[in-house]
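Have a look at the structure below before the remarks.
The values are calculated or read from the model by the stated rules, or taken from the named source; none is laboratory data. Computed from a prediction, not measured in an experiment: that's the story for all the values here. Ideal geometry is used to build each Cβ from the backbone, glycine not excepted, and the neighbour counts take in all protein chains shown. Protein only, heavy atoms only, side chains kept; ligands, DNA and RNA dropped before computing areas. Shrake-Rupley method; radii C 1.70, N 1.55, O 1.52, S 1.80 Å.
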Amino acid sequence: MPELPEVEVVRRGLERWVAGRTVGEVDVLHPRAVRRHLAGGADFAARLGGVRLGTAMRRGKYLWVPLDDAATSLLGHLGMSGQLLVQPEGAPDEKHLRIRIRFDDAVGTELRFVDQRTFGGLSLHENTADGLPDIIAHIARDPLDPAFDEAAFHTALRLRRTTVKRALLDQSLISGVGNIYADEALWRARLHYDRPTATLTRPKSAELLGHVCDVMNAALAQGGTSFDSLYVNVNGESGYFDRSLDAYGREDQPCNRCGTPMRRRAWMNRSSYFCPRCQRPPRA
């Protein structure tokens, strides 16, 4: 699933190409693409038609566009392979095109939701008083959010009876961090993924948070991380931060800090990549 940098790249594209435009016609081409809109595809298309789209917003990995009534938002869930593409009207349909949104203007472009694996989708939701779609109201702020509470994060991290990578992936504690950037930040902080959070000092947790921010800002500057053609921005372009990764995907390659071969371990139906010398496992 795309993480914060990839979703932010898409959000910026929507802000440029979609904000302020009025929806004309909506075609739902696959029912799974609107399965989170419980009233179904016909209702989704009818409610979205004729409305003016606001500026795209993001919290962590979640992306939404407020509608002109300010009470409802269009939520985009990219899943594993979802893409929001701005394409010229009349361009050939993508093989896995699921939803087409045409606009009531003369700009000449339309918004398409393409999803090979159909894990993602679009849906309409009521907003909370804070302006978030109600379905994601429980999601914590992300570390690039100016309102992120660092003191509360450090306190919660020490109080959690868990390990540090589990905490980084807990979207109710800190949002936007996924498997790739967790491994990268832990490598930079010289922390093993199974280190208990209760053993982290305040300076060490502050250092870790700084590395989380640094690695995601670096990825954002390079358009995100693309290991295949499934993640692209709204113009269909891939990011290239995968060329700068220090940990993720580098099994048996020398550590960029000490030269020790990197290791991979199965972890929660995923993989964790680490340096056995720089990131020593915690004592039993």
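Remarks
- Unmet requirement for D69, which otherwise passes all of (1) open to solvent by 50 Å² or more (accessible area, probe 1.4 Å); (2) on the phi < 0 side of the Ramachandran plot; (3) touching a residue at least 40 places away in the same chain (Cβ under 8 Å): (3)
- Taking the range 164-269 and the helices (runs of 4 or more DSSP H) fully enclosed by it, the elements with 2 or more residues that are modelled with pLDDT under 95 and surrounded by fewer than 22 Cβ atoms within 10 Å (Cβ to Cβ) are at 202-221.
- Close pairs from the range 260-273: first under 14 Å from L245 (Cβ atoms) and of a type in the set (K, R), partner in a strand (DSSP E or B) and open to solvent by less than 70 Å² (accessible area, probe 1.4 Å), Cβ under 6 Å, at least 6 apart: R264/S271; R264/Y273
- Total residues in the range 150-163 satisfying the condition of being free of Cβ contacts under 8 Å to residues at least 40 places away in the same chain, within 18 Å of G60 (Cβ to Cβ) and open to solvent by 90 Å² or more (accessible area, probe 1.4 Å): the figure is 0.
- Residue in the range 15-31 that is touching a His at 6+ places or on another chain (Cβ under 9 Å) and hydroxyl-bearing (S, T, Y) present: no
- Considering residues of the range 1-35 that are closer than 18 Å to D104 by Cβ and charged (D, E, K, R) only, the residue surrounded by the most Cβ atoms within 10 Å (Cβ to Cβ): R21
- Of the residues screened, A129 is not one that is open to solvent by less than 10 Å² (accessible area, probe 1.4 Å) and either over 30 Å from T22 (Cβ atoms) or out of contact with any Gly (no Cβ under 6 Å at 6 or more places or on another chain) (or both).
- Of all residues making up the range 41-57, the number that are open to solvent by 50 Å² or more (accessible area, probe 1.4 Å) and in contact with a helix residue (DSSP H, G or I) (Cβ under 8 Å, 6 or more places away or on another chain): 2
- Check on F113, surrounded by fewer than 17 Cβ atoms within 10 Å (Cβ to Cβ), of a type in the set (F, W, Y) and either without any contact (Cβ under 8 Å) to a residue 40 or more places away in the chain or not in a helix (DSSP H, G or I) (or both): no
- The set of residues in the range 73-87 that are open to solvent by 10 Å² or more (accessible area, probe 1.4 Å) and of a type in the set (S, T, Y) is empty.
- Identity of the residue in the range 122-138, part of a loop (DSSP other than H, G, I, E, B) and touching a residue at least 12 places away in the same chain (Cβ under 8 Å), that ends up nearest to G41 (Cα to Cα): L132
- Within the range 116-125, the residues that satisfy the criterion of being in contact with a Ser or Thr (Cβ under 7 Å, 6 or more places away or on another chain) and at pLDDT 95 or above are L124, H125.
- Every condition in (1) open to solvent by less than 20 Å² (accessible area, probe 1.4 Å); (2) under 24 Å from the mean Cα position of the chain (by Cα) is met by L38 except one, and the failing one is (1).
- Qualifying residue in the range 69-76 (condition: farther than 21 Å from G131 by Cβ and more than 23 Å from the chain's Cα centre (by Cα)): no
- When G60, G108, G90 are checked against the criterion of being touching a residue at least 12 places away in the same chain (Cβ under 8 Å), open to solvent by 20 Å² or more (accessible area, probe 1.4 Å), over 20 Å from V34 (Cα atoms) and small (G, A, S), a single residue qualifies: G108.
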